[in-house]
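Peer 1: Let me begin by handing over the structure; questions about it come next.
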Amino acid sequence: MRGEEGEEAESTAWESRAVRGGAYVLGAQATQFAIGLVATMILARLLTPADFGVVAMAGIVVGAMLTFKDFGLSLAIAQHDELEHADLSQLFWWSLGYTTILAGLCAATGPVLAWFFDEPILIEVTAWLAGGLWLSGLVNIPLGLLRRQLRFGSISLADVLATLSGAGVGIGLAMMGYGLWSLVAQQFVHLSLHALLIGGIARWRPDRPGAHRDRPAAAALKRFGGDTTAVRVFNEVAEQLDRVLVGRLAGAGALGLYQMSHRWSTMPALQLLVPLKGVAVASFSRLRHDPMRYRTAAREAFTAVLSLVLPLLAFLTADAHAVIPTLLGRAWNDAIPIFRILAIAGFLGCASRLMIWIYLAEARTTERLRFTLVARPFSILLVIAGAPFGAIGIATGYAVGKGIVSLANVWHACANSPITVGDFARAAARPVAASLAAAAVVVIASDGRSDLLRLLLDGVLFSLTYVVGWLAIPGGLSRAQRSLTWLRRGG
């Protein structure tokens, strides 16, 4: 009995630390969002869509590799129950070799990209960004260790400082007339400074190379990371295909419009769901052996997060005609229809992003890989089918694929989990219904104006309608109180 009480107390303590960490993450993400918003508003007025488009061409490779540059090890370390310093040391040297190869391959794609898009400057741009990729890979293990220790406050501080520094350098160089190189410098400074800060905060040093071999725990983590990375590779191929087609068929200017639309239509989800993934996996993985507590925690987390993300995406969709001119300036108005379609895709794709938390917390990475091998080719075919209709057709194919795959992903992830499809449906129903109702009201009330005042008025109208819609559904007040409590405690 005493042992069971001790285990329960330990689990509760870990959960409490996780939700406190979530509060740090939310605060940091809000700050980074504000920094990114201001930086984008300034840079979009100093640079041209073609400048953004050229960097986006390099980002097709560099951005993809950044998503799997840690080989899934940082999340694997947070999820694994027992690890020793020797395990981490072996993983560090293995990870360093992996990152070095990855950065080399990235730099080697520069000439290929330059030929494919007919932009010679991509050789230099890709080389610089590959250097930033390599530097960021040096802290794969320290970052995983910080997540394992639930030191999300320290991680958040590094994220904010790196974002602020990169934005400052980018704006400064743009004002001095450096064009697209200001965007390259922004990314390079962000990646390198983040690596420096994380390494300094962790204060962890590996043993000498070759000091430890054949560590079973390290091998298990590499298997976990291998499955996770394979999924990311297939996902990135599907995610980047739309930009490859736009850049190849329409050039840098069109790709700049498309890339900016994609970035800001997905920003609400990325700002919340991606950083909170580390918090959720660390918390869920310690609750998964208690099905009732696990299901309750998942429902509360899903409802709270979707209640923030879905209304933002719904508002962006409904008021795109005012959002784009305010955010980027009227020179970017051609991006409005693309932005609206991609915001819908972001809305539909939230379910898939939340299912990742379940797969990782339950160490079901092989199942996730199998699903991806079936689902992603389907998404790719839809994007290709839309290519003859230009950027709008490509965006539409992307959105349709995102919606279908998300629904299938919910069914697959919940099939072998204590969390059921019904659990997710109950968590999502209220924010989905309230978001759609609020978006409909804004569309009906819109007078077509695209100034800042119209955007603010629409925002107020949307917010009031959303709150009323949420509370009007039976049980709304108690559910709102629970969601607010979850957000206040952990984010």
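Peer 1: Being of a type in the set (D, E, K, R) and surrounded by fewer than 18 Cβ atoms within 10 Å (Cβ to Cβ) is true for just one of Arg430, Arg426. Which residue is that?
Peer 2: Exactly one of Arg430, Arg426 is of a type in the set (D, E, K, R) and surrounded by fewer than 18 Cβ atoms within 10 Å (Cβ to Cβ), namely Arg426.
Peer 1: Filter region 152-189 down to residues that are aromatic (Phe, Trp, Tyr), in contact with a helix residue (DSSP H, G or I) (Cβ under 6 Å, 6 or more places away or on another chain) and modelled with pLDDT of 90 or more, then give me how many there are.
Peer 2: Result for region 152-189: 1.
Peer 1: What are the residue pairs meeting all of these: first residue in region 89-105, first residue more than 14 Å from Trp134 (Cα to Cα), second residue among the β-branched types (Val, Ile, Thr) and surrounded by 21 or more Cβ atoms within 10 Å (Cβ to Cβ), Cβ atoms under 7 Å, and 6 or more apart or on different chains?
Peer 2: Hits for this filter: Leu91/Ile141.
Peer 1: Out of everything in region 381-407 that is of a type in the set (A, V, I, L, M, F, W, C) and surrounded by fewer than 17 Cβ atoms within 10 Å (Cβ to Cβ), what residue ends up being farthest from Asp423 (Cα to Cα)?
Peer 2: Only one residue fits best here, namely Phe389.
Peer 1: Mind checking which residues of region 250-265 are closer than 16 Å to Ala320 by Cβ and surrounded by fewer than 20 Cβ atoms within 10 Å (Cβ to Cβ)?
Peer 2: Scanning region 250-265 gives a single hit, Arg263.
Peer 1: Right, another one. Considering only residues that are within 22 Å of the chain's Cα centre (by Cα) and of a type in the set (A, V, I, L, M), look in region 315-327 and name the one that is farthest from Ile444 (Cα to Cα).
Peer 2: Across region 315-327, the extreme among qualifying residues is Leu327.
Peer 1: Identify the residue in region 286-311 that is among the β-branched types (Val, Ile, Thr) and touching a residue at least 12 places away in the same chain (Cβ under 8 Å) and, among all such residues, is farthest from Trp357 (Cα to Cα).
Peer 2: Val309
Peer 1: On to the next question. Out of region 136-178, which residues are β-branched (Val, Ile, Thr), within 21 Å of Gly36 (Cβ to Cβ) and in contact with a Leu (Cβ under 6 Å, 6 or more places away or on another chain)?
Peer 2: Ile155
Peer 1: For Leu150, work out the one condition from (1) surrounded by 18 or more Cβ atoms within 10 Å (Cβ to Cβ); (2) touching a residue at least 24 places away in the same chain (Cβ under 8 Å); (3) in a helix (DSSP H, G or I) it doesn't fulfil.
Peer 2: (3)
Peer 1: Which residue pairs have Cβ atoms under 9 Å apart, sit 6 or more places apart or on different chains, and have a first residue in region 165-189 that is at positive phi and a second that is modelled with pLDDT of 95 or more?
Peer 2: As it stands, the answer is Gly179/Leu173, since those pairs meet every condition given.
Peer 1: Residues that are closer than 30 Å to Ser285 by Cβ and charged (D, E, K, R): does region 150-164 have at least one?
Peer 2: Yes, region 150-164 contains at least one residue that is closer than 30 Å to Ser285 by Cβ and charged (D, E, K, R).
Peer 1: In a helix (DSSP H, G or I) and surrounded by 14 or more Cβ atoms within 10 Å (Cβ to Cβ) - does that describe any residue in region 442-451?
Peer 2: Looking through region 442-451, at least one residue is in a helix (DSSP H, G or I) and surrounded by 14 or more Cβ atoms within 10 Å (Cβ to Cβ).
Peer 1: Please determine whether any residue of region 415-422 is surrounded by fewer than 17 Cβ atoms within 10 Å (Cβ to Cβ), assigned to a helix (DSSP H, G or I), modelled with pLDDT of 90 or more and not aliphatic (A, V, I, L, M).
Peer 2: Yes.
Peer 1: Condition first: in contact with an Asp or Glu (Cβ under 9 Å, 6 or more places away or on another chain), at pLDDT below 80 and not aliphatic (A, V, I, L, M). Now tell me which residues in region 15-64 satisfy that.
Peer 2: Gln29, Gly63
Peer 1: Would you mention how many residues in region 193-225 are modelled with pLDDT of 75 or more, out of contact with any Pro (no Cβ under 7 Å at 6 or more places or on another chain) and buried (at least 20 other Cβ atoms within 10 Å of the Cβ)?
Peer 2: Going through region 193-225 one residue at a time, the tally reaches 4.
Peer 1: Moving to a separate point now. From the list Phe302, Phe284, pick out the single residue that is at pLDDT below 85, assigned to a helix (DSSP H, G or I), among the aromatic types (Phe, Trp, Tyr) and more than 30 Å from Arg330 (Cβ to Cβ).
Peer 2: Phe284
Peer 1: Within region 2-9, is there a residue that is at pLDDT below 75 and either part of a loop (DSSP other than H, G, I, E, B) or in contact with a His (Cβ under 8 Å, 6 or more places away or on another chain) (or both)?
Peer 2: The answer is no; no qualifying residue exists.
The values are calculated or read from the model by the stated rules, or taken from the named source; none is laboratory data. Just so it is clear, the structure is predicted and the values come from calculations on it, not from any experiment. Glycine also receives a Cβ, built like all others from the backbone with ideal geometry; neighbour counts cover every protein chain displayed.
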